[in-house]
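In what follows, a single structure is set out as structure tokens and then discussed.
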Amino acid sequence: MYAQMVETGVKSVRSVDDLSGPDRIFQERVDAGIRIEPQDWMPEAYRKTLVRQISQHAHSEVVGMLPEGNWLTRAPSLKRKAILLAKVQDEAGHGLYLYSAAETLGVSRDELIDALHAGKAKYSSIFNYPTLTWADIGMIGWLVDGAAIINQIPLCRCSYGPYARVMVRVCKEESFHQRQGYDLLIQLCREGNQSQKDMAQEALNRWWWPALMMFGPPDQDSPNSAQSMQWRIKLFSNDELRQKFVDQTVPQAEYLGLTIPDPDLKWNEETGHYEFGEIDWSEFYEVLKGNGPCNRDRLQTRVRAHEEGAWVREAMAAYAQKQAQRAAA
Amino acid sequence: MSRSTWPLWEVFVRSQHGLAHKHVGSLHAPDAEMAINNARDVYTRRNEGVSLWVVKAADIVASSPADKGPLFDPADSKVYRHPTFFPMPDEIKM
């Protein structure tokens, strides 16, 4: 989901009985729940799919620091500022763990970052939206991190060892992310004045649908899902995860006294799930194409940070070299 | 040394209550001091440890997964290395 629409490069999924040789042995291991590690043989398409997925996930973490970083200087109290700093710092750490996991697949950090800066690599659609008010910070923690948790917990059991292990660490840290956002909203909505409640409602109106889009297109429009699921990279379908998110979040909105901006949202007693309205997928595809509110700004900021930070990297390398020469002398 | 040639370091952390360092992940850094500092920033944000080791990945020798069988199977037939192989009489505390 932080990785949306990851291409597998495979036209049709072959069942294990149709496979032979190393492909079959590989698939049997995956089916048996045996983890694939970096030194193990793997189909080239599996390797490429994982490089795309893990790097997209890593890019999302790092770009995701920007909408929240926007409010660091304007957090309403020192406590909230320290909390937000800790969260943004965590996201940098998550990016690092994920780039490290991607590197086990034979690709370098520099290649991945160059692809991001050249606009060739994707990252989650959600980070192309602006944070217009302090309540947006609450929405990101509650909804965006909430959606991420639903996606990331199954990934802890995915077939590729390094990725699964990264997810275990990320999930431990992610629950603080969701709680700090919801705690912020409890304060605005249950202890705040009317204009604070209105600010929260207005923020929900803007973040709800983009959060649902985080799970990717509906199953019938997700041609890559079948192969990812056979390889046990993906364990649940987009629609299953999206439904889980809605079911868990509606009562949380009710507690805050907020109204989810969906007139078709309705509890279905028979299915035991909430029905919800049609998502406007044209917005999702436009944002992925580069036409969301902040795409250009996000990329420019990342490129500028990389270029302006070059002197730090150069200084570190020069110092290390000087120390090594002194030690050798 | 350009950034693309910064060595890869594996990071090991020993927790306050732990007896051994545990592998927690990896990072790139140009030298040992930066590796320790960055490992502290990335892997011990929540009091995970009281001691850090960073080891250049190139210095680690690992057994090959393909050799797992022959390398480890001598132990399979030596169950008498476990104390439970020797039941003791009830009246003996051992």
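Tabulated data for the structure shown
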| quantity | calculated |
| --- | --- |
| Proximal charge balance of residue B:64 [Cβ under 15 Å; K/R count +1, D/E count -1] | -3 |
| Under 14 Å, Cβ to Cβ, from residue A:203 - net charge with Lys/Arg +1 and Asp/Glu -1 | -2 |
| Calculated from backbone phi, Karplus (6.51, -1.76, 1.60) coupling profile of the stretch B:79-84 in Hz, x at Gly/Pro | 5, 5, 6, 8, x, 5 |
| GNM result for chain B, Cα springs below 10 Å: residue of B:64, B:26, B:51 fluctuating most strongly | B:64 |
| For the stretch A:317-326, 3J(HN,Hα) per residue [Karplus equation, 6.51 cos²θ - 1.76 cosθ + 1.60, θ = phi - 60°, Hz, x = Gly/Pro] | 5, 5, 5, 4, 5, 4, 4, 5, 5, 4 |
| Bins of 10 Å from zero: percent of alpha-carbon pairs in chain B | 14, 27, 21, 20, 12, 4, 1, 0 |
| Virtual paramagnetic centre 7 Å along Cα→Cβ of residue A:280, amide N under 12 Å, in the stretch A:199-232 | A:206, A:209-210 |
| Inter-part distance where the stretch A:184-261 and the stretch A:103-150 are each reduced to a Cα centre, Å | 16 Å |
| Rounded to 10°, Cα long-axis angle of helix B:32-43 versus longest principal axis of chain B | 70 degrees |
| In the stretch A:1-89, trypsin sites (Lys or Arg not before Pro) in a DSSP loop with at most 11 other beta-carbon atoms within 10 Å | A:11 |
| Equivalent-ellipsoid semi-axes of the stretch A:109-156, from the Cα gyration tensor, Å, largest first | 25, 18, 7 |
| Net charge of neighbours whose Cβ lies under 12 Å from the Cβ of residue A:41, counting Lys and Arg as +1 and Asp and Glu as -1 | -1 |
| Rg in Å to one decimal, and Dmax rounded to a whole Å, for the stretch B:1-48 via C-alpha atoms | 11.8, 39 |
| Using alpha carbons only: equivalent-ellipsoid semi-axes of the stretch A:200-262, gyration tensor based, whole Å | 29, 12, 8 |
| Rg/Rg_globular for the stretch A:172-224, with Rg_globular taken as 2.2 N^0.38 Å and Rg from C-alpha atoms | 1.54 |
| Dipole axis of the stretch B:35-81 (+1 Lys, Arg; -1 Asp, Glu on Cβ), positive-most option in B:69, B:42, B:57 | B:42 |
| Per residue Cα convex hull volume in Å³ - calculated over the stretch A:1-124 | 127 Å³ |
| Contact order normalised by residue count of chain A, Cα under 8 Å, 6+ apart, percent | 21 percent |
| Ratio of Rg to Rh over the stretch A:230-302 (Cα coordinates, Kirkwood Rh, two decimals) | 1.08 |
| HN-Hα J in Hz across the stretch A:102-117 - Karplus 6.51, -1.76, 1.60, θ = phi - 60°, x for Gly and Pro | 5, 5, 5, 9, x, 10, 9, 4, 4, 4, 5, 5, 4, 5, 5, 5 |
| Cα centre as origin, Lys/Arg/Asp/Glu Cβ charges: the stretch A:90-179 dipole, Debye | 300 debye |
| Unit charges on C-beta of K, R, D, E only; dipole of the stretch B:1-54, Debye | 180 debye |
| Virtual paramagnetic centre 7 Å along Cα→Cβ of residue B:21, amide N under 14 Å, in the stretch B:43-75 | B:49-61 |
| Kirkwood hydrodynamic radius over Cα pairs of the stretch A:190-329, then Stokes diffusion coefficient at 20 °C and 1.002 mPa s, in µm²/s | 109 µm²/s |
| Residue-averaged beta-carbon neighbours from other chains (10 angstrom radius) around A:200-206 | 0 |
| Förster radius 56 Å - calculated FRET efficiency between residue B:58 and residue A:194 (Cβ-Cβ, nearest 0.05) | 0.35 |
| Added length on full extension, which subtracts the Cα-Cα distance from 0.36 nm per residue, residue A:314 to residue A:28 | 98.3 nm |
| Surface/4 estimate of mean projected area, convex hull on alpha-carbon atoms of the stretch A:261-329, nm² | 10.1 nm² |
| Chain A - Rg (one decimal) and Dmax (whole number), Cα, Å | 21.3, 79 |
| Dipole magnitude of the protein assembly as shown, debye to nearest 20 (Cβ charges: Lys/Arg +1, Asp/Glu -1, about Cα centre) | 1500 debye |
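Every read-out reported here was derived from the displayed coordinates using simple, explicitly stated rules and does not represent laboratory data. In this text the structure is predicted, and so the values were computed from the model without any measurement. So basically every Cβ, Gly included, is an ideal-geometry build from the backbone, and we count neighbours across all protein chains shown.
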